[in-house]
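*Asks:* What follows is a structure written as structure tokens; I'll ask about it next.
The values are calculated or read from the model by the stated rules, or taken from the named source; none is laboratory data. Please read these numbers as outputs of a predicted model, since none were measured by experiment. We place every Cβ from the backbone using ideal geometry, glycine too, and count neighbours over all the protein chains shown. Calculation scope for accessible area: heavy atoms of the full protein, side chains included, ligands and nucleic acids excluded. Shrake-Rupley method; radii C 1.70, N 1.55, O 1.52, S 1.80 Å.
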Amino acid sequence: MDYDKVFADSLEQLKAAGNYREFTDLERHAGQYPRATNHSIGREITIWCNNDYLGMGQHRDVADAICNTVREIGAGAGGTRNIAGTSHPLVELEAELSSLHNKEAALVFTSGYVTNSTALSTLGRIPGMVLFSDSLNHASMIEGVRFGKCERHIFRHNDLDHLEELLESVDADRAKLIAFESVYSMDGDIGPIKEICDLAEKYNALTYLDEVHAVGLYGESGGGVAQRDGVSDRVDIIQGTMGKAFGLIGGYIASTSLLVDYVRSFGSGFIFTTAMTPATAAGALASIRHVRQNVGLRIALHSNVNTLKSRIREEGLPLKETPTHIIPVMVRDANLCREASHKLLHEHGIFVQHINHPTVPVGQERLRITPTPLHTNDMIEELVAALIDVFDSLGIKRDK
């Protein structure tokens with residue numbers, strides 16, 4: 001077997017399809033977000049596709065909390081929480097997260113991906129469990145459902161009739177769990193949380209809601225779409241992340257004390273993983289507290305989102321309408337999408353990564369734009385002008 005040939009041929013096929021992933025060497029400047037230096041081309045750029053939705057990764061309170069904790073406690077976690085003990089900032093963080101969602105307890109993992117994979121696979125091992133998963137759930141949720149090694153059913157995206165049909169097909173006495181998201185990260189649409197909770201109560205199923213693209217951004221104190229819609233108390237398990245609106249890294253679940261203890265005690269992805277560092281936990285805690293208390297961040301974010309959407313519509317750019325902060329501008333061709341991203345970066349100093357298969361289906365390639373409260377009106381106008389220039393130069397159809 002010529003292993004190098006296998007690797008090279010597979011990579012060439014990926015490149016030919018326009019789906020080869022390239023990393024852009026960026027250095028963000030503390031206090032100047034969304035400005036950064038692109039070391040790949042040696043120039044200053046403006047970032048327009050970052051999941052640090054509120055710029056909290058650059059906030060002084062967060063940086064100070066991290067630096068002070070390193071000086072006082074040290075840099076590392078020392079191992080798993082079982083072996084090395086749990087750092088006090090992590091205890092405080094879990095208390096803050098349970099408060100954010102008005103749940104009895106929370107459990108922090110090293111990433112949102114690990115959270116979903118571990119929590120869902122652990123719950124999937126409940127005797128007789130049947131998992132019901134939305135067809136557009138994140139890869140981490142899909143992995144968790146598969147690793148659960150129980151009976152599973154995939155329902156059509158946001159299709160309540162199909163979900164109920166599947167629920168009806170399962171014995172009423174069996175354990176059931178419905179896994180879905182609030183904000184879907186590529187199309188920017190929202191799951192029908194209340195209606196799924198109605199079905200869960202009717203068929204005695206647990207609900208598992210991924211709020212990673214919503215925490216910090218929606219709700220009175222940033223508790224997500226479930227908080228905004230007044231249904232947090234009806235959701236059994238809320239999963240979130242510190243890696244997006246809170247600007248750091250790490251994931252968590254919030255639920256009842258018993259359920260959290262069950263996952264803590266049986267979840268291999270939690271038990272055998274080095275804990276989050278004390279400094280990261282302290283930074284996340286500072287970020288969450290700041291975001292909860294500053295509704296102006298959310299107001300400014302959604303104001304910029306609405307302004308940019310309006311300008312994109314006015315110029316006839318192919319906007320996929322969404323009710324959220326995620327703005328997909330459709331290209332629908334892998335190679336053109338990659339070239340559009342390249343031209344925006346190299347000719348206009350604007351970083352918007354192309355989103356191609358397998359992240360989105362073939363023919364649904366897009367530029368995924370995510371404004372923050374820190375983008376200015378001038379930056380918005382620069383982006384719109386650059387999109388017009390690039391789309392027209394590449395012959396990508398506009399509506400006008």
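*Asks:* Calculate for the chain the 222 nm mean residue ellipticity that helices alone would give, adding -39,500 (n - 2.57) per DSSP H run of length 4 or more and normalising by residue count, nearest 500 deg cm²/dmol.
*Replies:* It comes out at -13000 deg cm²/dmol, rounded to the nearest 500.
*Asks:* Would you mind giving the average projected area, over all directions, of the Cα convex hull of segment 237-281 in nm² with one decimal?
*Replies:* If you wrap the Cα atoms of segment 237-281 in a convex hull and average its projections, you get 3.5 nm².
*Asks:* Turning to a different aspect of this structure: How many times 2.2 N^0.38 Å is the alpha carbon radius of gyration of segment 1-68?
*Replies:* Dividing the Cα radius of gyration by 2.2 N^0.38 Å gives 1.67.
*Asks:* How do Thr324, Thr307 stack up against each other in accessible area, from largest to smallest, with a 1.4 angstrom probe? Before the final figure, lay out the partial values.
*Replies:* Details: Thr324 5, Thr307 50 Å².
In descending accessible area the options line up as Thr307, Thr324.
*Asks:* Counting only protein heavy atoms and using a 1.4 Å probe, what share of the accessible area of segment 233-292 belongs to carbon plus sulfur, as a whole percent?
*Replies:* Answer for segment 233-292: carbon and sulfur cover 58 percent of the accessible area.
*Asks:* For the chain, what is the percent of antiparallel DSSP beta bridges, rounded to the nearest 5?
*Replies:* 55 percent
*Asks:* Something else: Dipole magnitude of segment 44-90 about its Cα centre, charges +1 at Lys/Arg Cβ and -1 at Asp/Glu Cβ only, in debye to the nearest 20?
*Replies:* 240 debye
*Asks:* Tell me, what is the percent relative contact order of segment 95-222, built from C-alpha pairs under 8 Å that lie six or more residues apart? Walk me through the numbers on the way to the answer.
*Replies:* Values: 185 pairs, mean separation 26.7, N = 128.
The value is 21 percent.
*Asks:* With every protein chain present, what is the per residue accessible area of the chain (1.4 Å probe, Å²)?
*Replies:* 44 Å²
*Asks:* Could you work out the equivalent-ellipsoid semi-axes for segment 217-257, taking the square root of 5 times each eigenvalue of the Cα gyration tensor, largest first, in whole Å?
*Replies:* With the √(5λ) rule applied to segment 217-257, the semi-axes are 18, 14, 6 Å.
*Asks:* Still on this structure: Provide, for q = 0.18 Å⁻¹, the log10 of I(q)/I(0) from a solvent-free Debye sum over equal Cα point scatterers in segment 288-400.
*Replies:* -0.89
*Asks:* Still on this structure, please answer the following. Can you tell me how much longer the chain between Lys194 and Ala172 gets when fully stretched, taken as 0.36 nm per residue apart minus their C-alpha distance, in nm with one decimal?
*Replies:* 5.8 nm
*Asks:* Which of Gln353, Gln239, Gln32 moves most in a GNM of the chain, Cα contacts under 10 Å?
*Replies:* It is Gln32.
*Asks:* Now, a different point. Can you tell me the relative contact order of segment 147-241? Whole percent, Cα pairs under 8 Å, sequence separation 6 or more.
*Replies:* Relative contact order here is 23 percent.
*Asks:* Taking the square root of 5 times each eigenvalue of the Cα gyration tensor, what semi-axes in Å does the equivalent ellipsoid of segment 209-368 have, largest first?
*Replies:* Its equivalent ellipsoid spans semi-axes of 33, 20, 16 Å.
*Asks:* Now a separate question. Calculate one ³J(HN,Hα) per residue across segment 54-59 by plugging θ = phi - 60° into the Karplus curve 6.51 cos²θ - 1.76 cosθ + 1.60, and present them in order as whole Hz with x for glycine and proline.
*Replies:* Working through the residues one at a time gives 10, x, 5, x, 9, 6 Hz.
*Asks:* Under a plain spin-label model, where a point goes 7 Å from the Cα along Cα-to-Cβ, how far apart in nm are His346 and Asp64?
*Replies:* Distance between label points: 4.4 nm.
*Asks:* Moving to a separate point now. Any idea what Rg and Dmax come out to for segment 93-211 if you just take the C-alpha atoms, in Å?
*Replies:* Rg, Dmax (Cα atoms, Å): 13.9, 41.
*Asks:* Shifting gears a bit: Within straight cross-link reach of Lys194, meaning Cα distance under 19 Å, which lysines are found once same-chain residues fewer than 8 apart are removed?
*Replies:* Counting by Cα, and skipping residues close in sequence, Lys194 has these lysines nearby: Lys103, Lys176, Lys202.
*Asks:* Right, another one. Taking just the alpha-carbon atoms of segment 1-154, what radius of gyration and Dmax come out, in angstrom?
*Replies:* 21.2, 57
*Asks:* Sticking with this one: Report, ordered by chain and residue number, the lysines lying within cross-link reach of Lys343, taken as a straight Cα distance under 29 Å and ignoring same-chain residues fewer than 8 apart.
*Replies:* Reachable lysines: Lys15, Lys244, Lys309, Lys320, Lys397, Lys400.
*Asks:* Same structure, new question: So what does log10 I(q)/I(0) come out to for the chain at q = 0.09, 0.10, 0.14 Å⁻¹, using the Debye formula with one equal point on every Cα and no solvent?
*Replies:* At q = 0.09, 0.10, 0.14 Å⁻¹ the computed log10 ratios are -0.58, -0.72, -1.32.
*Asks:* A further question on this structure: Under Stokes-Einstein, with the Kirkwood radius over Cα pairs standing in for Rh, what whole-number D in µm²/s applies to segment 6-45 at 25 °C and 0.890 mPa s?
*Replies:* 201 µm²/s
*Asks:* Mind jotting down the three principal axis lengths of segment 96-155 based on Cα atoms? Whole angstrom, largest first.
*Replies:* Cα extents, longest axis first: 34, 24, 20 Å.
*Asks:* What residues have an amide H closer than 5 Å to that of Gly219, excluding those fewer than 5 places away on the same chain, when H is modeled at 1.01 Å from N in the peptide plane?
*Replies:* Those lying under 5 Å, H to H, from Gly219 are Gly224, Arg228.
*Asks:* Which length gain, in nm to one decimal place, applies between Ser40 and Asp392 when the Cα-Cα distance is subtracted from 0.36 nm times their residue separation? If you can, show how the numbers build up before the last one.
*Replies:* Details: separation 352, 0.36 × 352 = 126.72 nm, distance 2.54 nm.
Taking Ser40 through Asp392 to full extension adds about 124.2 nm, to one decimal.
*Asks:* What are the ³J(HN,Hα) couplings of segment 125-140, residue after residue, when phi is run through the Karplus curve with 6.51, -1.76, 1.60 and θ = phi - 60°? Round to Hz, x for glycine and proline.
*Replies:* Going residue by residue, I get 8, 4, x, x, 5, 10, 9, 10, 10, 4, 5, 9, 4, 4, 4, 5 Hz, with x marking Gly and Pro.
*Asks:* Let me ask something additional. In segment 267-283, which residues have a backbone nitrogen under 17 Å from the label point lying 7 Å from Asn82's Cα in the Cα-to-Cβ direction?
*Replies:* Once the point is set 7 Å along Cα→Cβ of Asn82, 267-276 turn out to lie under 17 Å by backbone N, inside segment 267-283.
*Asks:* Hey, what's the Kirkwood Rh for segment 143-272 if you take every pair of different alpha carbons, in angstrom?
*Replies:* Evaluated on segment 143-272, it is 15.6 Å.
*Asks:* Here is a follow-up. If I ignore ligands, DNA and RNA and count only protein heavy atoms, how much of Lys5 is accessible to a 1.4 Å probe, in Å² to the nearest 10?
*Replies:* 110 Å²
*Asks:* Can you list residues from other chains, or at least 5 along the same chain, whose modelled amide H is less than 5 Å from the amide H of Val130?
*Replies:* Distant-sequence amide H within range of Val130: Ala175, Lys176, Leu177.
*Asks:* For the peptides 210-216, 65-71, what is the packing order when you average, over each peptide's residues, the other Cβ atoms within 10 Å and list the highest mean first?
*Replies:* 210-216, 65-71
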